[in-house]
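Throughout, read-outs are computed from the coordinates displayed, never taken from laboratory work. Just so it is clear, the structure is predicted and the values come from calculations on it, not from any experiment. FYI the Cβ positions are ideal-geometry reconstructions off the backbone, even for glycines, and counts take in every protein chain you see.
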Amino acid sequence: MEMIDLRSDTVTRPSKAMRQAIANAEVGDDVFGEDPSVNRLQEAMATMLGKEAGLFVTSGTMGNQLAVRAQTHHGEEIVVEEHAHVFNAEAGALGALAGVQARLLHGQRGTITRDQIAQVVRPKNVHYGRTALIAVENTHNRANGAIFPIDVLADIRAFALERGIRVHMDGARLFNACVASGRPAREYARHVDTVSICLSKGLGAPVGSVLVGDREMIERAAYYRKMYGGGMRQAGILAAAGLYALEHNIDRLADDHANARRLAEGLAASPAVDLNVEEIQTNIVYFGLRRGLSAPDVITRLREHSVLMLATGPRTIRAVTHLDVSRAQIDRAVDVCQSVLARENQAG
Ligand SMILES: Cc1ncc(COP(=O)(O)O)c(C=O)c1O
């Protein structure tokens, strides 16, 4: 039986048409700045986000970490929500590569506010590392793909400007936020200095992210990209997939959001599931298990029925919708989940 892979939106494979775009890509040596496809992608993303320049990088992690490295100095502090990817899931790079300390804030569904930030910004004093950067995540992975509200972002930005602090947005899934909220990417981007956007998640490209910002910052990021081993040569074959994705795979994210809703509604119908369907704004569904059910056990049972999800804790599971999962497959996944949960429930 065909697998229905809901572990992540990173599992998508390039379509035939995308592979054709890859095959036809014009390429050059990107370390010399001579790859026309990479240059086109960087310009396209910068224009969409209303920024001066873009930098094609290997991954979302590299985009975030270059943004941090290029906008901070060793010993400084970055203010970030406690479940943010940049702090939790990037192999300790804030400390290891940028040499900064994280000041963690408890967010409401991933959103942190100006008032919360104001309370932890360091005053000028020899005892303190300067607060150099605020990082927000939009959409917020760990918060069920929640959209970061633009008005809250605007408040944060106004405060940051007053205090000489820069703002980075981990926009790995920014286009999910745009499609779900109906707000163009540049409306979010105007309230931050830098944004990192992933091409290899919901947009369906095989590899890569783009970091955008002002020209000077992007030049600094390019220097650190080389230092981190991320200078690629004929990267145009990857950038061509990104260009294809920007043209063809943004609007269709609405289908993934509808599928996530449908999945959440189906799951929430089970008494063994703890899930607030109203929280599902985009393509990520985390749900809790009640009645002592074990997430690893449920995952194993689901796999036996060709449905893949991710256990993210002893009683928490994540499912993510994407362009390689159809509505019919979502309906089948719901049926499988309901029967597995009913059986596990009886066994427990
Ligand atoms: C919110 C967020 N930011 C950054 C990343 C990192 O992306 P990559 O896996 O390409 O390094 C991820 C990956 O899942 C993510 O969910």
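For Lys16, the lysines whose Cα comes closer than 19 Å to its Cα, not counting residues fewer than 8 places off in the same chain, are Lys201. Pairs of Cα atoms nearer than 8 Å and 6+ residues apart set the relative contact order; for the chain it is 24 percent. Label positions at Asn24 and Ala328, each projected 7 Å from the Cα along the C-beta direction, are separated by 3.0 nm. Based on Cα contacts under 8 Å between residues 6+ apart, region 106-186 shows a relative contact order of 32 percent. Taken over the C-alpha atoms, region 252-347 has Rg and Dmax values of 12.3, 40 angstrom. Residues His248, His74 in ascending order of nearby Cβ atoms (within 10 Å, fewest first): His74, His248. Taking 25 °C and 0.890 mPa s as conditions, the chain diffuses translationally at an estimated 118 µm²/s according to Stokes-Einstein applied to its Kirkwood radius (Cα pairs).
Computed about the Cα centre, the dipole magnitude for the chain is approximately 460 debye when only Lys and Arg (+1) and Asp and Glu (-1) carry charge, each at its Cβ. Neighbour counts of other Cβ atoms within 10 Å put Val38, Val210 in the fewest-to-most order Val210, Val38. For the peptides 115-127, 132-144, 276-288, residues were scored by their other Cβ atoms within 10 Å and the scores averaged per peptide; the highest-first order is 132-144, 276-288, 115-127. Counted over the chain, the DSSP beta bridges are approximately 50% antiparallel. Structural descriptor for region 252-347: relative contact order 33 percent, calculated from alpha carbon pairs under 8 angstrom and at least 6 residues apart.
Remark: Cys178, Cys198 ranked as Cys178, Cys198, counting other beta-carbon atoms within 10 Å and listing the fewest first. Restricting attention to region 93-223, close to 40% of DSSP beta bridges with both partner residues there are antiparallel.
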